[in-house]
1. Return a whole-number percent for the relative contact order of segment A:123-231, with Cα pairs under 8 Å and 6 or more residues apart as the contact set.
2. Given Cα pairs under 8 Å that are at least 6 residues apart, what percent is the relative contact order of chain A?
3. Convert each backbone phi in segment B:85-97 into a coupling constant with the Karplus relation 6.51 cos²θ - 1.76 cosθ + 1.60 (shift: θ = phi - 60°), then list the ³J(HN,Hα) values in order as whole Hz, x for Gly and Pro.
4. Per DSSP H run of n ≥ 4, the term is -39500 (n - 2.57); total these for the protein assembly as shown, divide by its residue number, and report the mean residue ellipticity at 222 nm rounded to 500 deg cm²/dmol.
5. Could you work out the mean count of beta carbons from other protein chains within 10 Å of each residue's beta carbon in B:238-250?
6. Could you give me the ³J(HN,Hα) list for segment B:108-116, computed from phi with Karplus coefficients 6.51, -1.76, 1.60 and θ = phi - 60°, whole Hz, x at Gly and Pro?
7. Cβ neighbours within 10 Å, averaged per peptide: list B:96-102, A:256-262, B:106-112 in order, most packed at the top.
8. Measure nothing but the geometry: give the 0 to 90° angle between the long axis through the Cα atoms of A:276-304 and the longest principal axis through the Cα atoms of chain A, rounded to 10°.
Amino acid sequence: MDLTYTPEQQAFRAEVRAWLAAHAPRTPLQSYDTREGFEQHRAWEAELAEHGYSAITWPKELGGRGAGLIDWLVFEEEYWAADAPLRVNQNGLLLLAPTLMEFGTAEQKARFLPRTARCDDMWAQGWSEPNAGSDMASITSRAIRDGDHYVLNGQKTWSTRALFANWMFGLFRSDPESSRHHGLSYLLVPLDAEGITVRPIKALNGKFAFAEVFFKDVHVSVENRVGEEGQGWHVAMATAGFERGLLLRSPARYQRTAKRLVELYRRHRGEAAHDGTLRDAVLRAWMGAEAYTLSSYHTVARLQHGAKIGAESSTNKIFWSELDLDMHETAMHLLGARAELIDDPEVHEWLEGFLFAQAGPIYAGSNEIQRNIIAERMLGLPKN
Amino acid sequence: MDFTFTEDQIAFRDAVSRFFMTEAAPEQLREVWETGAGRSAALRKKIAEQGLTALSVPEAEGGLGMGDIDWALMTQELGYYAIPDSLADTAYLAPGLLAGLPAGHALRAQWLPRVVDGSCRIAIGHPVNPWVADAHLADLLLMAHPVADGCELHAVPRAKVELTVLPSIDASRRLFEVRWHPDTETRVLDGVAGAPQWAATLDRAALNVGGQAIGLAQRMLDLATDYAAQRKQFGKPIGSFQAIKHHLADVVTEIEFARPVLYRAAAALAAGEPDASVRASHAKLACAAAAWTAARKAIQVHGAMGYTWEVDLQMFMKRAWVLDAAWGDRAFHRARLGAALLDAETLPSIGPGTTFA
Ligand SMILES: Cc1cc2nc3c(=O)[nH]c(=O)nc-3n(C[C@H](O)[C@H](O)[C@H](O)COP(=O)(O)OP(=O)(O)OC[C@H]3O[C@@H](n4cnc5c(N)ncnc54)[C@H](O)[C@@H]3O)c2cc1C
């Protein structure tokens with residue numbers, strides 16, 4: 001056990017801190033679920049990429065800097081400590097990219113990853129359908145092979161930021177005779193292709209955070225398939241692992257929230273004093289964020305010693321999503337009657353976060369599904 | 001930055017685990033616990049042969065000179081196999097106190113080699129605990145005596161104390177009310193010198209109990225998982241029912257996020273970090289809570305079998321329940337966290353980037 005950062009890691013931290021202090025927007029950007037906010041976020045992504053900070057763990061030639069996972073944790077810590085903007089292209093950076101690294105051809109990597117790092121390409125995820133949510137294997141959207149292209153028909157839904165994305169990665173049934181997780185293919189679909197209609201869906205916060213995407217005889221080149229035809233389930237499951245595992249939600253995010261909660265408590269100590277449960281909840285927030293951080297460092301250490309992350313990533317998903325809800329509920333209770341006032345500067349970020357936290361146990365595989373996975377794959381209990 | 005254990009540390013832990021599996025099986029422990037003294041000299045001797053009692057004793061006194069980080073692994077095995085209190089008190093807490101004495105102090109030479117070879121038991125009387133565990137068999141009691149300017153350390157032979165036994169719901173426990181009189185002969189450290197030693201002992205004890213709690217949680221999870229795979233109702237293993245799966249998945253998750261907290265606390269103690277007490281309290285709270293969750297879920301999964309004396313689950317549940325309030329109850333440890341995080345004049349260093357700073 002060695003709990004010191006190397007001189008290189010310390011230097012990297014200092015470099016990131018200094019760069020963010022000089023470059024991070026001084027006033028918060030508008031929500032990326034608005035057109036204007038989206039463009040602001042895209043400009044910020046381009047600036048990050050220009051200085052090699054967009055995707056530090058990727059190889060240099062693909063737009064990264066070949067950094068290790070500890071560097072990534074360090075980068076995230078500095079990023080969140082600096083109150084820098086949310087990452088608008090996280091689907092592309094954190095979900096598609098690891099999949100392409102593993103399953104993509106050299107041409108696909110070269111074609112898509114540098115553009116993704118700069119947010120020239122902005123990605124939507126196309127898995128869910130109206131009748132395929134938790135039961136993703138019941139996907140019916142089709143991609144029927146016709147020579148050097150596929151013809152897509154069907155519908156995806158809940159596709160986050162599809163309104164502003166120009167590409168989608170998704171799962172389609174390429175073998176019409178197949179069922180369940182057989183006969184699916186993983187395709188990269190340009191959202192400006194003819195026959196695609198994107199219809200925004202208003203989310204809980206009143207913004208068009210996700211969208212339905214309709215496909216009518218859409219032609220997609222065979223070159224845009226990731227992995228073998230019919231192997232899409234396998235490819236997609238790898239992405240699902242990345243999503244609920246370490247990458248999507250770095251611990252620094254929750255440490256920042258916990259710190260803000262401690263600060264909130266300290267500012268409102270007097271009002272909070274009459275409710276001992278609030279004090280306890282604030283302490284639990286700090287403990288939870290610390291536990292998540294420690295678990296992440298422990299996981300990274302094990303990865304560096306050659307271990308693989310398996311079904312444990314399901315415990316991660318449950319932990320961060322419930323922690324996030326608990327912390328935001330506590331903030332609501334601390335704010336009391338004021339908590340509903342969306343324009344109150346002290347309330348605004350908490351309220352937005354509270355609404356978004358409601359979705360945490362649902363997206364990226366619901367927490368019930370994660371509990372099934374833990375019981376079946378980690379404990380070996382029989383499938384029903 | 002490498003927040004995990006070496007292969008050697010893991011190998012030592014595994015060896016100890018195999019040893020307990022054969023030498024301290026539940027039926028053997030039940031037999032020992034039914035005797036009046038509740039302890040087996042033969043087992044203690046074998047434990048010493050495994051090197052466990054030498055682990056935390058400095059090399060100069062014949063020990064292995066390992067520290068809190070190694071103990072953080074070992075203590076989980078003590079929990080997993082429901083080993084009674086005296087082992088950790090003698091083999092971890094007492095060496096910590098004795099090794100805190102100046103080099104060449106007579107007590108070190110007198111007792112530490114005996115800790116190593118397993119020929120003595122040392123009981124610890126700390127102000128946070130109203131009673132003293134395993135005082136009846138102790139060759140030596142290290143007692144705290146709070147005074148105006150701190151907390152004295154006294155080394156009291158068994159003959160100089162009077163004991164009243166306090167039966168516990170946990171059949172492995174042997175708790176005693178200890179009556180004794182501090183005098184100049186028993187005094188080893190004055191209040192000023194003793195206070196930091198007793199504070200460090202409390203932190204180590206919290207780590208040790210936390211580790212046992214995680215071991216207990218893991219054991220109860222394993223027992224319940226086995227039971228869920230074997231027991232059939234409605235023509236299928238109960239482990240195929242989702243409600244049962246989710247009970248156990250919750251235990252997995254809670255353990256998964258408590259263990260690294262334990263390890264961080266161990267490292268903080270080993271390095272004497274300024275916020276080691278906060279880390280130790282966090283570890284104790286997180287681990288003990290995981291153990292209580294495990295007990296609650298495991299008994300539910302066992303149905304009526306879990307409510308019997310016969311089924312071993314009870315041994316582990318009861319230890320989990322009683323250890324929760326040993327070495328500071330939840331209120332005590334939360335108060336320590338609250339003082340540091342919420343009440344301190346200035347905001348402590350928390351947030352992204354501070355966990356290993
Ligand atoms: C904010 C947000 C963003 C999203 N972004 C995207 C995106 O970009 N791309 C995309 O493809 N999808 C996205 N989704 C969709 C998300 O993946 C699905 O919502 C999720 O998989 C659950 O599917 P569902 O909503 O159809 O719920 P259902 O599957 O209908 O589930 C409803 C309830 O039933 C429970 N349930 C279902 N099956 C089981 C079972 N076997 N055992 C126990 N309980 C069960 C669920 O846990 C849940 O509580 C997003 C969702 C949200 C909320």
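1. Working: 279 pairs, mean separation 33.5, N = 109.
Relative contact order comes out at 31 percent.
2. Details: 620 pairs, mean separation 47.5, N = 384.
Relative contact order here is 12 percent.
3. Couplings: 4, 4, 5, 5, 4, 6, 8, 10, 6, 5, x, x, 5 Hz.
4. On the way: 25 runs with 356 residues, N = 741.
Computed ellipticity for the protein assembly as shown at 222 nm equals -15500 deg cm²/dmol.
5. Numbers: counts 2, 7, 6, 4, 6, 0, 2, 12, 7, 2, 6, 16, 5.
Across the residues of B:238-250, the mean count of other-chain Cβ atoms within 10 Å is 6.
6. With coefficients 6.51, -1.76 and 1.60, one gets 4, 5, 6, 9, 4, x, 6, 4, 4 Hz.
7. So the peptides B:96-102, A:256-262, B:106-112, ranked by packing, come out A:256-262, B:96-102, B:106-112.
8. 50 degrees
The values are calculated or read from the model by the stated rules, or taken from the named source; none is laboratory data. Here the structure is a predicted model, which is why all the values come from computation and not from measurement. Using ideal geometry, Cβ is built from the backbone for each residue, glycine included, and neighbour counts are taken over all protein chains shown. Note: accessible area is taken over every heavy atom of the protein model, side chains too, but ligands, DNA and RNA are not part of it. Shrake-Rupley method; radii C 1.70, N 1.55, O 1.52, S 1.80 Å.
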